[in-house]
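Q: Next up is a structure, given as structure tokens.
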Amino acid sequence: MRPPRTLLMVTALAATLALTACGPSSTPEPSPAEAATTQAGPTTSTPVPEPIVDSGPIQGAMGTTETNVSGILRYTVVEGDVGGLVCQRFGRAYWQLESDLTSGGFSCNSVIYLGEILTPTNDVRP
């Protein structure tokens with residue numbers, strides 16, 4: 001009596017897979033340059049911060065700007081300015097403003113004062 005043809009094919013396939021798994025790896029050896037790159041690990045790039053751009057005076061952010069010798073943009077608060085609108089003018093979030101009057105930076109509860117100097121930054125979220 002002959003075994004069914006399907007059973008023979010399954011047995012042959014299983015034997016082939018078992019023998020292949022036990023055989024030597026066919027992965028080629030890397031060249032010395034490739035090995036050095038692989039050992040060094042992946043490279044990471046430092047993100048480039050978005051440039052700080054003054055979109056111009058808007059209602060609630062009518063103060064003047066100047067750029068100091070170091071290239072840092074500084075904004076002078078005028079009457080009627082609102083902190084959130086100053087942030088909007090420069091495309092910044094509240095934590096991306098520094099004040100010359102406080103050492104801890106700006107917060108969403110900060111009050112701005114006439115003549116205060118604000119500096120927009122590229123700080124990441126605290």
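Q: Based on this model, can you work out whether VAL53 counts as among the aliphatic types (A, V, I, L, M), part of a loop (DSSP other than H, G, I, E, B), under 30 Å from VAL124 (Cβ atoms) and modelled with pLDDT of 95 or more? Explain how you work it out, then say what you get.
A: Values: among the aliphatic types (A, V, I, L, M): yes; part of a loop (DSSP other than H, G, I, E, B): yes; under 30 Å from VAL124 (Cβ atoms): yes; modelled with pLDDT of 95 or more: no.
Taking the combined requirement at face value, the residue does not satisfy it.
Q: In region 33-49, which residues are part of a loop (DSSP other than H, G, I, E, B) and either modelled with pLDDT of 95 or more or loosely packed, with under 10 Cβ neighbours inside 10 Å (or both)? Write out each step before concluding.
A: Initially, region 33-49 is screened for residues part of a loop (DSSP other than H, G, I, E, B), giving 41-49.
Selection gives GLY41, PRO42, THR43, THR44, SER45, THR46, PRO47, VAL48.
Q: If you check every pair at least six apart or on different chains, which have Cβ atoms under 9 Å apart with a residue in region 99-111 that is closer than 16 Å to ASN122 by Cα and at pLDDT below 90 first and a residue that is of a type in the set (Phe, Trp, Tyr) and surrounded by 12 or more Cβ atoms within 10 Å (Cβ to Cβ) second?
A: Taking only residues 6 or more apart or on different chains, the pairs are GLY105/TRP95; PHE106/TYR94; PHE106/TRP95; SER107/TYR94; SER107/TRP95.
Q: Which of the residues that make up region 60-79 are among the aliphatic types (A, V, I, L, M) and either touching a helix residue (DSSP H, G or I) at 6+ places or on another chain (Cβ under 6 Å) or not in a strand (DSSP E or B) (or both)?
A: ALA61, MET62, VAL69, ILE72, VAL77, VAL78
Q: Next up: All but one of (1) more than 17 Å from the chain's Cα centre (by Cα); (2) surrounded by 12 or more Cβ atoms within 10 Å (Cβ to Cβ); (3) touching a residue at least 12 places away in the same chain (Cβ under 8 Å) hold for GLN96; state the number of the condition that does not hold.
A: (1)
Q: Could you check GLN88 against (1) without any contact (Cβ under 8 Å) to a residue 24 or more places away in the chain; (2) under 20 Å from PRO49 (Cβ atoms); (3) in contact with a strand residue (DSSP E or B) (Cβ under 8 Å, 6 or more places away or on another chain); (4) of a type in the set (S, T, N, Q) and say which number it fails?
A: Just one mismatch for GLN88, condition (1).
Q: Just give me the residues in region 67-79 being over 28 Å from the mean Cα position of the chain (by Cα) and either surrounded by 10 or more Cβ atoms within 10 Å (Cβ to Cβ) or of a type in the set (Lys, Arg) (or both), in sequence order.
A: Correct list: THR76, VAL77, VAL78.
Q: Could you check how many residues of region 94-126 are over 16 Å from GLY60 (Cβ atoms) and aliphatic (A, V, I, L, M)?
A: Qualifying residue count, region 94-126: 3.
Q: Any idea which residue in region 104-119 is surrounded by the most Cβ atoms within 10 Å (Cβ to Cβ), counting only those that are of a type outside the set (A, V, I, L, M) and within 23 Å of SER70 (Cβ to Cβ)? Give the steps one after another, and end with the answer.
A: Restricting attention to region 104-119, the residues satisfying the condition of being of a type outside the set (A, V, I, L, M) are 104-110, 113, 115-116, 119.
From what's left, within 23 Å of SER70 (Cβ to Cβ): 104-106, 115-116, 119.
On the way: GLY104: 8, GLY105: 15, PHE106: 24, GLY115: 12, GLU116: 20, THR119: 17.
Once the filter is applied, the top-ranked residue is PHE106.
The values are calculated or read from the model by the stated rules, or taken from the named source; none is laboratory data. Remember, predicted model here, so these are calculated numbers, not experimental data. For neighbour counting, all protein chains shown are included, and Cβ atoms are generated from backbone atoms with ideal geometry for every residue, glycine included.
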